[in-house]
Structures are given as structure tokens and as C-alpha cells.
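First comes the structure, then the notes that go with it.
The values are calculated or read from the model by the stated rules, or taken from the named source; none is laboratory data. None of the values given here were measured: they were computed from a predicted structure. So basically every Cβ, Gly included, is an ideal-geometry build from the backbone, and we count neighbours across all protein chains shown.
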Amino acid sequence: MTWKKYWTDTTDDMERPLTEHISFDRPCYNLRDYEMNGGYQALRKALTLSPENITNIVQASDLKGRGGAGFNTGMKWSFVPMNGDYPVKYLIANADEMEPGTFKDRMLMEGNPHQLIEGMIISAFAIQANISYIFLRWAYKKAGRLLKHAMDEAYAAGYLGKNILGTGYNLEMYLHTGVGRYICGEETALLNALEGKRATPRAKPPFPQVSGLFGKPTIVNNVETLCNIPHIINNGPEWFKSLGKGNDAGTKIYGVSGRVKKPGLWELPMGVSMRELIEDCAGGMANGYGFRGALPGGASTDFLVKEHLDISLDFKSVAVAGSRLGTGTMIILDDHTCPVGFVHNLEHFFAQESCGWCTPCREGLPWTEKILLSIERGEGKPEDLNLLETHTRFLGPGNTFCALAPGAMEPLQSALKYFREDFERHIDQKKCPWR
Amino acid sequence: MIAQDTLTTEEMAEIDHEIALVPVRRAAAIEALKIVQQHRGWISDDSLQAIADYLEISPEELDSVATFYNLVFRRPVGRNIILLCDSISCYVMGYEKIYVQLRERLGIGFGQTTADGRFTLLPNACLGTCDHAPALMINNELFRNVTEHDLEEILDRYH
Ligand SMILES: Cc1cc2nc3c(=O)[nH]c(=O)nc-3n(C[C@H](O)[C@H](O)[C@H](O)COP(=O)(O)O)c2cc1C
Ligand code: SF4
């Protein structure tokens, strides 16, 4: 079983639009099942609205991108030129999910592929794009199979292709499978990958909304973002806002991995507390393990520690606490795991996945990784900690071409703050105290 | 330079299908590499030259694409490819034990192929199944919550 439904043993009446029709105890819905449960009604409704109207509804709902950056989705769409000067435009679903510790988009695609496809058709209509791509991670074989099948069904039923539901609107959809590189998830690098090139990021501006794939206006949205669209169209922006608990609208697929009793994914109101997630959903720490900290939204977010357990997991509250909500999938650092080894593992990943385009990242990440490895092996020197701190500034925001390197520095800078003693013990004892 | 090797009719037909979907021929580069790798297991210098000729780009340009991506193989690989997740959740949950066992059992480390060509072992970034760590993939199949006990039985399925 890939995924435990926390709510099956609760009696709450919480709304869970994204996962209401997902169960891994049966095959995922085919087109008929999906339609019988309200599927493609949102598309029918959307096609009676003007594209601008849809964008306004999505903007008013305050849906923020679920791919990590948290930008208002409707606002992003509103930058696409709509004056008819651009006959070719593209909509892309970012299904590259490769941020370590992140596994939510896989569940959404394996659990209900039609939900993503319907969300994409509505979104493409809103920006008047006639070509759409799903940029899928190579490793997601099952999702690929299910999406291909669902796309075929959608074409056969007239939801895709020419003259959709007799409205005169045309949309083609293609499934592109990547060949593996974390940077492909960065939206401009993704465009280069789709063009058959090395996936190095592009300079912004021009933003993809104006000049994206093959130089045409393009919107790239995360899978979870797009899955929300049909529900917003069906139920309206006020309903969507009412789902959130704190500063943000909607529900969120939260996840927990590491040494907890029940690692998994749960759809919960935006803004649940870290404590609720770890203790109520994930069942607390596994027997014999204590909590030391967590990366709240994937590998490229700053550590939060015990004092933060009661903060709300919404974009603003997590930022105030010094981290980022990111992808909303949390990785736990327990008291049996060496924090230096943990951070070394992360920096090894980032160094390996650096695209090599800009010097601070290409040179700085391998250096960071080497310093961490030497500390972990007991060969570290006291000055190494200052050197690491210097790196967190040199590779920080504004000094590199894209957000990969600053993201890589987030867990490091917060580890130096919260787990400094652990680094120092390695250096004093000339060995890793955990080994 | 003319390729020593030429693409098969089947490979060309599959690549043509991809070329038809994109506005410029070279945009099918990644798809073409995937297609040829699917047929031949890996991308040799000769295969690279043949694909580059077919796409009307230089082999250097195509190689810069081929070597960028983790899963385009520019060296021969074994019949079965083991991708062991070495990212953070699998690290916390002990992938290193699985790695040690694979090394002992197969006599190879990361980046190596067994002498009989049965397995190539590669590290892989997060497989996106972090609630079931540690995880690995063999060819197209995903294995989760892998224990040292399961591993023997899993390996026995591949020849
Ligand atoms: C290095 C890097 C990797 C990224 N990987 C992904 C990814 O795998 N999936 C994703 O949706 N967004 C990823 N992003 C964020 C995208 O650039 C982009 O912001 C997002 O797809 C926009 O969608 P949203 O507005 O719906 O969140 C990544 C960003 C960076 C810098
Ligand atoms: S920060 Fe790193 S990944 Fe981003 S462009 Fe520079 S080298 Fe490439």
C-alpha cells in the first residue's frame, strides 16, 4: 500500500477535494467512474465562462503554487498575453518531482489521473493554450501508464483534441518523460529539457508567461496546483478560501517521512500545526527515537526544531519561523541520526545535481560537500565552520543564476545554527559520535 | 564524418514520430537518445554519431545533451540496472545497509557492472516514495521498504 488514509479512522467532516476520490484499495477511477463522481463537470462549466473570468476566479481563490515558491496561480496566469497576437501558447504540468523527501505528486497522479487532466484542460483554456505537456519524472512508471490511459480516454470522449465538447476550443496533450536531473524541475530549465537541450535554467526576464517553450507564452504549474483547479471552478473562490485554517486558502497534501510510527501523506486544511501532522497523523516518533528537527518542505528548506512544533504550516507562518513551506512534505531528523551526516547527504545531492552553469554553485557545492565529509570523518578543523558559513552567504539568494544553490544552503545554514554543538563535537572528538 | 553505424528502420520510424511533434528537428534529441538506448541498452560513440547525423546536429552538441542527464548511459551497462535511492529519507531509514549487502552479494560498487553482465549498480536521487524508505528500482520495477532479508529474493528474480 503506497499511502495510508489517515482520515479513514477519523469521524471529522473535513472536506478533502483532492483525495476524496482516491483510494489505493481499488484501481484508480477510469473515465466512467470519474464522470459518475462529478468528473469533467468543472470543465463543462469552465467552457461557458470567458478565459479572463476563469483567471479572475482562480486569482480570487488565493490558490498559491504548490511546487515550492507559493506564488498566486491566477496572478501568474494573468501575465500571459491574451490579445490574439500569440497563436501558439503552452501549458505545462510540472510532474518532475525530484526534491528529496517529496512524494505527493506521485500519489495524486497514481490516485486520480483524470483530476490532473481536467485541471490542465481548464488551465490551458484560461490562457488559451492549444498545446499542453505533462513533464513526468522518469521513475514514475505507474503514473506514466495511468496518465497515458486516461489521456486516451479523454481524447476518445472529446475532452481533448479538436473542438472540445463542441465549443471550438482545441487542445493537444503530450506526455514527456524526462531522463533524470533535479534541475529539470526548475521551470525554465524544464523548458530547455522539453526543447531537447541541456537543462540549464534561463535568464528571467523574459518570464515564461511571455517567452517560454520555443519562445512562446507558457505557463508551468505544479501537479498539485493544477489538481485544485476543477474544485475551485465547481465550488467558487470563497469555498476554497474557507477550506484553509490560517493565512492560506485550500487544503494541502502534507507528508512526513523518517523515523515516525506511520510515515505517509494526508490532505489537510492549509495551516495545520507541525505537531498535529507529526503526532496525530504520523503517530509520533517511532519507538526509541526522539525528535530533533525537521525540514518542513523538502530538502531545500531550513530546519525547524522543537520550539516550532506549534506553528501553522502555511506559507507565511513557516517563513516567519525562518523556513519555507516548500512542497509541504516533511523530513524528520531523529536523535539516532547524525545531523552532520544528514546535511552531508543533502549537499551531496545538490552538488551532484548542480547544472554547472554558474560558478558559485558549480564550485561551491562540491566544496561544501567535501568540508562536511571531512567533518563527518573526524578530520574537520575549527575554521571549517566559518568556511561553511561563508558558503551559505556566497551561494545565497542573489548570487547564483537560479534557486538551486540558495535552496541547498537553507538546511546547511539552519543546521549550523541549531546543531552547532554536534558539528563541534565531531571536530573535538575527531570522529562522528554516532558511528 | 559519416557514422560507422546506422539507425535501424525501426529506430528511425520511432524518432520520426517524435520529430513530427516538435517545431524543430533537434528538439527530438532526448527522445531519440531514449529510443536508441531502449533498443541497444546504451549509447556508444557510433550510436551517438548516427543519431546526431539523423537530427542534423553535431555529435558534440548531442553529447553535451547525452552526458547531462543521469539516465542516458554512455558506457555499456548490464542486463539489469539497479537504482538504489541514496537521498535523505532513505539515508535516515538506512539505505547504507542495503548498499553494503549489495556490494558483498554482487561484488560491485556504484557505477560498476558484474563480470557476467547481469547487474549494473547505480545510486539514484530520491525515488519519490519516501514513506516507504529504503527504496530501489530494478529496470522498471519499484521495490519499497526493502529489508536485508527481501533483497536476496528480489535479486533472484533477475537473470
Ligand atoms: C532546482 C529546482 C527544482 C524544482 N523542481 C520542481 C519540481 O520537481 N516540481 C515542481 O512542481 N516545481 C519544481 N520547482 C519549482 C518550479 O521552478 C516552479 O516554481 C513551479 O513548477 C511552478 O509551479 P507552481 O506555481 O504551481 O508552484 C523547482 C525549482 C527549482 C529551483
Ligand atoms: S545555481 Fe546551480 S543549478 Fe542553478 S544555474 Fe547556477 S549552477 Fe545551475
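Pick out the one residue from A:E224, A:E195 that is away from ligand 2 (no atom under 16 Å from the Cβ), within 14 Å of chain B (Cβ to nearest Cβ), of a type outside the set (G, A, S) and surrounded by fewer than 23 Cβ atoms within 10 Å (Cβ to Cβ). After ruling out the rest, the residue left standing is A:E195. Given the condition within 26 Å of B:T67 (Cα to Cα), in contact with a helix residue (DSSP H, G or I) (Cβ under 6 Å, 6 or more places away or on another chain) and within 14 Å of ligand 2 (Cβ to nearest atom), answer yes or no: does some residue in the range A:373-396 qualify? Yes, that holds for at least one residue.
Just to be sure before I move on: is B:I57 part of a loop (DSSP other than H, G, I, E, B) and β-branched (V, I, T) in the structure I sent? Here the answer is yes, as B:I57 does meet what is asked.
Condition check for A:M173 on (1) farther than 24 Å from B:S64 by Cα; (2) within 14 Å of chain B (Cβ to nearest Cβ); (3) without any contact (Cβ under 8 Å) to a residue 12 or more places away in the chain: one failure, at (3).
Each residue in the range A:275-303 was checked for being surrounded by fewer than 24 Cβ atoms within 10 Å (Cβ to Cβ) and of a type in the set (A, V, I, L, M), and 4 pass.
For the range B:127-145, the condition of being on the phi > 0 side of the Ramachandran plot and of a type outside the set (S, T, N, Q) holds for at least one residue.
Is at least one residue of the range A:217-233 free of Cβ contacts under 8 Å to residues at least 40 places away in the same chain and either assigned by TED's automatic domain parsing to the domain that holds A:R106 or closer than 23 Å to A:T327 by Cα (or both)? No, that holds for no residue.
Cβ-Cβ distances below 6 Å connect the following pairs, each with a first residue in the range A:1-26 that is exposed (fewer than 15 other Cβ atoms within 10 Å of the Cβ), a second residue that is modelled with pLDDT of 90 or more, and a separation of six or more residues or different chains: A:M1/A:F24.
For B:N80, the stated conditions hold: it is farther than 30 Å from A:F342 by Cβ, in contact with a strand residue (DSSP E or B) (Cβ under 8 Å, 6 or more places away or on another chain) and either in contact (Cβ under 8 Å) with a residue 60 or more places away in the chain or within 14 Å of chain A (Cβ to nearest Cβ) (or both).
Do we find a residue being over 30 Å from B:C126 (Cα atoms) and either crowded, with 22+ Cβ neighbours inside 10 Å or within 16 Å of ligand 1 (Cβ to nearest atom) (or both) anywhere in the range A:89-97? The answer is yes, given that some residue of the range A:89-97 is over 30 Å from B:C126 (Cα atoms) and either crowded, with 22+ Cβ neighbours inside 10 Å or within 16 Å of ligand 1 (Cβ to nearest atom) (or both). Of all the numbered requirements in (1) within 16 Å of ligand 2 (Cβ to nearest atom); (2) within 11 Å of another protein chain (Cβ to nearest Cβ); (3) touching a helix residue (DSSP H, G or I) at 6+ places or on another chain (Cβ under 9 Å); (4) in contact (Cβ under 8 Å) with a residue 24 or more places away in the chain, A:A203 misses one, and that requirement is (2).
The residue that is nearest to the chain's Cα centre (by Cα), among those in the range A:144-163 that are part of a helix (DSSP H, G or I) and among the small types (G, A, S), is A:G144. At least 1 residues being within 16 Å of ligand 1 (Cβ to nearest atom) is the threshold, and among the helices (runs of 4 or more DSSP H) wholly inside the range A:333-401 those reaching it are A:339-353, A:359-376.
Apart from one condition, A:E238 fits all of (1) buried (at least 24 other Cβ atoms within 10 Å of the Cβ); (2) outside the structural domain of A:R324 (by TED's automatic domain parsing); the exception is (1). Among the residues that make up the range A:77-94, is at least one of them in a helix (DSSP H, G or I) and of a type outside the set (S, T, N, Q)? Checking the range A:77-94: at least one residue is in a helix (DSSP H, G or I) and of a type outside the set (S, T, N, Q).
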